[in-house]
Amino acid sequence: MKKKAESKEYPMVTVLLPDGMADPANDPGLPDPELLAVFGKMNLVRAMDEKAIALQRSGRIGFYVPSSGQEACSVGAGYCVREGDWLFPAYRDHGMALMRGCPLVTLVAQLYGNDADPTRGRQMPNHWCDQRIRLVSVSSPVATQLPHAVGASYAAKLRGEPVAAIATFGDGGTSTGEFHAGMNFAGVFRTPTIFLCENNQYAISVHVSRQTAAPTLAAKAAAYGIPGIRVDGNDVLAVLKVAREALERARSGEGPTMIEAVTYRMGPHSTSDDPSVYRTEDEVAQWRRKDPIRRFAEHLRKRGLLDDAAEEAARSEAKEAVQRAVEEVEAAPPVPVESLFEDVFAEMPWHLAEQRDALLSGKGETR
Amino acid sequence: MTQATLLQAIRDTLHEEMARDPRVVVMGEDVGREGGVFRVTEGLHAKFGPDRVLDMPLNEGGIVGMAIGMALNGLRPVVEIEFADFIFPAFDQIVSELAKLRYRSGGQFPAPVVIRAPSGGGIKGGHYHSQSPEAHFIHTAGLVVVSPSTPADAKGLLASAIRGPDPVLFFEPKALYRTVKGEVPEGEHLVPFGKGRIARPGEDVTLVAWGAMVPVAEKAADAVAAEGVRVEVIDPRTLWPLDIALIEDSVNRTGRAVVLHEAPRACGFGAEVAALVQERCFLHLKAPIARVTGYDTPFPYALEKTYLPDPEKTAGAIRAAMNF
Ligand SMILES: Cc1ncc(C[n+]2csc(CCOP(=O)(O)OP(=O)(O)O)c2C)c(N)n1
């Protein structure tokens with residue numbers, strides 16, 4: 001594996017220092033209760049991950065895409081997203097949804113795809129959406145949502161609304177045509193769009209050094225005439241700080257920003273993946289020491305906001321919340337068969353009505 | 001009523017819809033100052049300004065993708081793809097994203113984007129300026145696919161597309177842009193989707209054709225009329241969802257069906273029409289359903305005339321159906 005040289009032009013923004021203190025020059029200065037709320041949400045995302053993997057292993061859900069290790073990115077950026085902003089996330093960023101008040105049960109229900117799922121079991125797990133918070137339906141094809149974010153933010157700009165759109169994606173996403181299209185369009189039209197790349201080092205098994213020969217992903221922003229910022233993606237306060245600044249700039253008409261959050265996916269790519277094929281135990285162990293939840297907990301202890309009991313309480317509270325959501329969702333019936341034919345068009349055309357009636361009548365394919 | 005070409009009807013409709021609804025935005029390559037390479041969007045940029053008539057960077061996937069985001073956030077984007085042949089770089093955005101957003105979000109995120117694309121041959125455009133890609137999109141659930149053949153329908157269908165709740169692929173038969181003239185109703189004129197038109201009534205053979213093939217169908221009908229064969233020409237106008245009731249009723253009367261299109265035969269939309277007619281009209285059929293289509297080759301430049309269906313080939317298929 002090739003080691004990337006540190007870039008002088010794109011230094012890594014970090015707030016949490018090795019001793020657990022916050023760099024006073026960069027500390028975003030959240031009030032104590034908010035710091036604890038952020039910590040709580042990071043624990044909730046982690047607890048959901050752990051539960052979902054267990055549910056998949058025991059056959060209760062079909063698949064799961066874990067995000068352990070990346071909570072600082074989704075929760076940190078999610079903290080800065082406000083009502084009116086648009087979210088175009090990839091499949092590991094439900095932390096952002098939770099920060100915007102998306103009910104946990106909405107996310108859990110999507111994993112089951114039963115009648116409790118507002119998206120009616122149309123997609124595999126991790127492809128949630130919630131219109132109430134402008135969280136647009138996650139798509140499987142990588143990075144397709146980037147131009148969507150540009151379009152939504154263009155519409156806001158055209159109407160003079162001080163809102164932004166944020167798209168999140170992985171390092172693999174930066175190789176796609178849509179990354180180029182999205183960044184280029186955002187630069188040309190100066191849209192209020194935030195491109196948050198969570199560089200978790202791998203696209204399934206392929207290391208980031210196979211996605212680009214550039215020393216950093218943040219450097220790509222220069223080609224589009226937009227600011228690129230590199231941030232420690234395991235440092236929730238650092239992500240929060242740069243995301244907040246980027247969103248404020250966007251909302252006040254100063255255009256788009258690309259953020260490269262340098263992080264690590266501690267688990268497999270998905271429940272179908274065996275990461276031991278492409279990375280070493282040693283590498284994983286090194287990154288585990290930078291676990292964003294652990295780092296933030298240390299900081300909260302230094303601030304006198306957390307002790308053993310409070311940390312344990314945060315963890316068990318999160319677990320219980322997930323357990324309650326799972327129980328609620330598991331009580332729901334399956335999606336009704338006729339829903340298969342709904343939402344294809346605004347109104348159901350004859351051919352779908354015929355296919356539905358044939359299926360419901362049990363007569364098979366004949367009319 | 002005013003007389004207009006197909007192109008003028010589309011242009012006037014864009015003007016009217018943009019004036020009527022400030023949410024309507026036109027975007028595409030060269031649609032602004034240039035007014036589009038066919039001049040369909042002429043005058044819009046001067047009238048509505050560069051924020052609503054967007055000269056886009058050259059990236060079809062990006063253009064459709066951005067339009068999706070605009071539609072999600074309340075605008076009514078009308079995208080021009082310079083030639084239908086260049087829609088393939090946007091194929092993923094159309095089939096994976098646009099077509100599926102309503103469905104995959106459980107109805108939470110409809111994305112009513114209109115994509116206009118000059119399609120079909122007959123202008124010496126060669127391979128990359130002549131294709132008829134409608135079947136690719138009809139095969140994708142969630143898209144309305146439209147192709148007008150008269151100026152009045154162009155207006156009525158485009159207005160329906162811009163005001164409607166679903167994504168629409170609007171294939172404009174570019175061979176007809178300036179060659180077809182007709183009456184266009186003034187003011188509000190909406191042609192509903194899924195309603196075909198009997199372009200010419202007849203009792204002996206049903207001939208289904210759309211876009212630039214409608215005039216070809218009419219010429220073929222003229223040719224066999226001299227032999228006493230009365231052809232009913234049906235223009236579905238909306239290809240999908242198809243007005244099957246109209247076709248079914250016609251074939252049940254005539255007992256014979258011919259489908260005519262420019263696109264290649266294999267898996268072309270004619271195959272679907274033929275299958276539907278076979279399923280519904282089998283006991284009324286007096287002859288096999290015939291297809292008159294382009295060949296299963298890439299679209300040629302020098303041999304364009306050979307490739308394209310014409311009135312003679314079509315009349316041949318009609319006679320074969322009559323004499324079966
Ligand atoms: C266009 C496309 N090609 C291939 C895939 C299969 N695939 C799913 S995830 C993935 C890797 C994505 O990596 P990255 O963008 O770095 O995001 P990460 O999974 O690391 O968060 C691939 C290749 C896909 N979903 N979409």
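Bear in mind that the values in this text are calculations on the coordinates, not laboratory data. Just so we're clear, the structure is a prediction, and the values are computed from it rather than from any experiment. No Cβ is skipped: glycine too gets one built from the backbone with ideal geometry, and neighbour counts run over all protein chains shown.
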Review point. Using a cut-off of 20 Å between alpha-carbon atoms, which aspartates and glutamates can reach B:Lys313, once sequence neighbours fewer than 8 places away in the same chain are excluded?
Key: B:Asp204, B:Glu218, B:Asp222, B:Glu227, B:Glu232, B:Asp235, B:Glu262, B:Asp296, B:Glu304
**Study point:** Dipole of the range A:22-96, positive direction: furthest Cα of A:Ser58, A:Gln70, A:Met42, with charges on the beta-carbon
**Key:** A:Ser58
Review point. For chain B, what relative contact order do you get, as a whole percent, if you take Cα pairs closer than 8 Å and at least 6 residues apart?
Key: 16 percent
**Study point:** lysines with Cα under 24 Å of B:Lys195, excluding same-chain neighbours fewer than 8 positions away
**Key:** B:Lys100, B:Lys155, B:Lys174, B:Lys181, B:Lys219
Check your understanding: Restricting attention to the alpha-carbon atoms of the range A:16-157, what are Rg (one decimal) and Dmax (integer), both in Å?
Key -> 16.2, 49
Check your understanding: Can you give the Rg and Dmax of the protein assembly as shown based on its C-alpha atoms, in angstrom?
Key -> 28.4, 99
Check your understanding: What spacing in nm lies between the two simple spin-label points modelled at A:Ser58 and A:Ala331, each 7 Å away from Cα in the Cβ direction?
Key -> 1.8 nm
Study note, to complete from the structure: Computed from the beta carbon distance with a Förster radius of 25 Å, FRET efficiency for A:Ala310 and A:Gln286 to the nearest 0.05 stands at 0.35
Revision key, fill the gap. Summing -39500 (n - 2.57) over every DSSP H run of at least 4 in the protein assembly as shown, dividing by its residue total and rounding to the nearest 500, the 222 nm mean residue ellipticity is -11500 deg cm²/dmol
Point to revise | C-alpha long axis of helix B:151-163 to longest principal axis of chain B, angle in ° | key: 50 degrees
Revision key, fill the gap. Extension length gain for A:Lys363 and A:Ala346 (0.36 nm per residue less Cα distance), in nm, is 3.5 nm
Check your understanding: How many angstrom separate the Cα center of the range B:6-45 from the Cα center of the range A:192-225?
Key -> 38 Å
Check your understanding: For A:Cys80, B:Cys267, what's the fewest-to-most ordering of other Cβ within 10 Å of each Cβ?
Key -> B:Cys267, A:Cys80
**Study point:** Mean Cα-pair separation over length for the range B:100-236, i.e. relative contact order, pairs under 8 Å, 6 or more apart, %
**Key:** 24 percent
Practice item. Would you be so kind as to identify which of B:Gly202, A:Leu340, B:Leu176 lies farthest towards the positive end of the dipole of the protein assembly as shown, taking Lys and Arg as +1 and Asp and Glu as -1 on Cβ and the Cα centre as origin? Key: B:Leu176
Review point. At a Förster distance of 30 Å, what's the computed FRET efficiency of A:Glu298 paired with A:Ser252, Cβ-Cβ distance as r, to 0.05?
Key: 0.30
Review point. Spin-label point model (7 Å from Cα, Cβ direction): what's the A:Ala214 to B:Lys313 distance in nm?
Key: 4.9 nm
Review point. Any idea what diffusion coefficient chain A gets from Stokes-Einstein, in µm²/s, Kirkwood Rh on alpha carbon pairs, 10 °C, 1.306 mPa s?
Key: 74 µm²/s
**Study point:** Number of partner chain Cβ atoms within 10 Å, mean per residue of B:87-98
**Key:** 2
Check your understanding: Tell me, what is a quarter of the convex hull surface for the C-alpha atoms of the range B:261-324, in nm² with one decimal?
Key -> 4.6 nm²
Review point. At B:Ala226 and B:Cys267, where each label point lies 7 Å from the Cα along Cα→Cβ, what is the point-to-point distance in nanometres?
Key: 4.1 nm
Check your understanding: Mind checking Rg over Rh on the range A:173-290, alpha carbons, Kirkwood formula for Rh?
Key -> 1.01
Check your understanding: What list do you get for A:Arg134, A:Arg244, A:Arg288 if you sort them by fewest beta carbons within 10 Å?
Key -> A:Arg288, A:Arg244, A:Arg134
Check your understanding: Put +1 on the Cβ of each Lys and Arg and -1 on the Cβ of each Asp and Glu in chain A; which of A:Leu104, A:Pro349, A:Asn184 then has its Cα farthest toward the positive end of the dipole?
Key -> A:Asn184
**Study point:** Rel. contact order, % - alpha carbon contacts under 8 angstrom, at least six apart, the range A:96-211
**Key:** 19 percent
**Study point:** Given chain A, longest segment not containing exposed loop chymotrypsin sites (Phe, Trp or Tyr not before Pro) (DSSP; at most 16 other Cβ within 10 Å)
**Key:** A:64-277
Practice item. Output the Kirkwood hydrodynamic radius of the range B:176-301, Cα pairs only, in Å rounded to one decimal. Key: 15.3 Å
Review point. Which number comes out as Rg/Rh for the range B:1-60 once both Rg and the Kirkwood Rh are worked out on C-alpha atoms?
Key: 0.98
Exercise for review: Note down the magnitude of the dipole of the range A:188-265 about its Cα centre, charges +1 on Lys and Arg C-beta and -1 on Asp and Glu C-beta and zero elsewhere, to the nearest 20 debye.
Suggested key: 140 debye
Check your understanding: Percentage of Cα-Cα pair distances in chain B greater than 34 Å, rounded to whole percent?
Key -> 21 percent
Check your understanding: At what distance in angstrom do the alpha carbon centres of the range B:198-262 and the range A:36-105 lie from each other?
Key -> 56 Å
Point to revise | the range A:131-182-the range A:292-348 distance, computed between alpha-carbon centres (Å) | key: 24 Å
Exercise for review: Could you pull out every one of the lysines with an alpha carbon less than 28 Å from that of A:Lys290, ignoring same-chain neighbours closer than 8 positions?
Suggested key: A:Lys2, A:Lys3, A:Lys4, A:Lys8, A:Lys41, A:Lys51, A:Lys220, A:Lys241, A:Lys302, A:Lys319
Review point. Chain A: longest stretch without exposed GluC sites (Glu not before Pro) (DSSP loop, at most 14 other Cβ within 10 Å), sites themselves excluded?
Key: A:84-253
Revision key, fill the gap. For the range A:20-161, the dipole about the Cα centre with charges only on Cβ (Lys and Arg +1, Asp and Glu -1), to the nearest 20 debye, works out at 560 debye
Check your understanding: What's the average, rounded to a whole number, of partner chain beta-carbon atoms within 10 Å of each residue's beta-carbon in A:136-148?
Key -> 6
Check your understanding: Label point 7 Å out from B:Phe88 along Cα-to-Cβ: which residues of the range B:25-65 have amide N under 15 Å?
Key -> B:60-61
Check your understanding: Going out from 0 in 10 Å bins, what whole percent of all Cα-Cα distances in the range B:1-129 drops into each bin?
Key -> 13, 42, 34, 11, 1
Revision key, fill the gap. Per-residue average of other protein chain Cβ atoms inside 10 Å, peptide A:338-347 -> 6
Practice item. Give, rounded to the nearest 20 debye, the magnitude of the charge dipole that chain B has about its Cα centre when Lys and Arg contribute +1 at Cβ and Asp and Glu contribute -1 at Cβ. Key: 320 debye
**Study point:** Three principal axis lengths of the range A:72-226 [C-alpha, angstrom, descending]
**Key:** 46, 43, 26
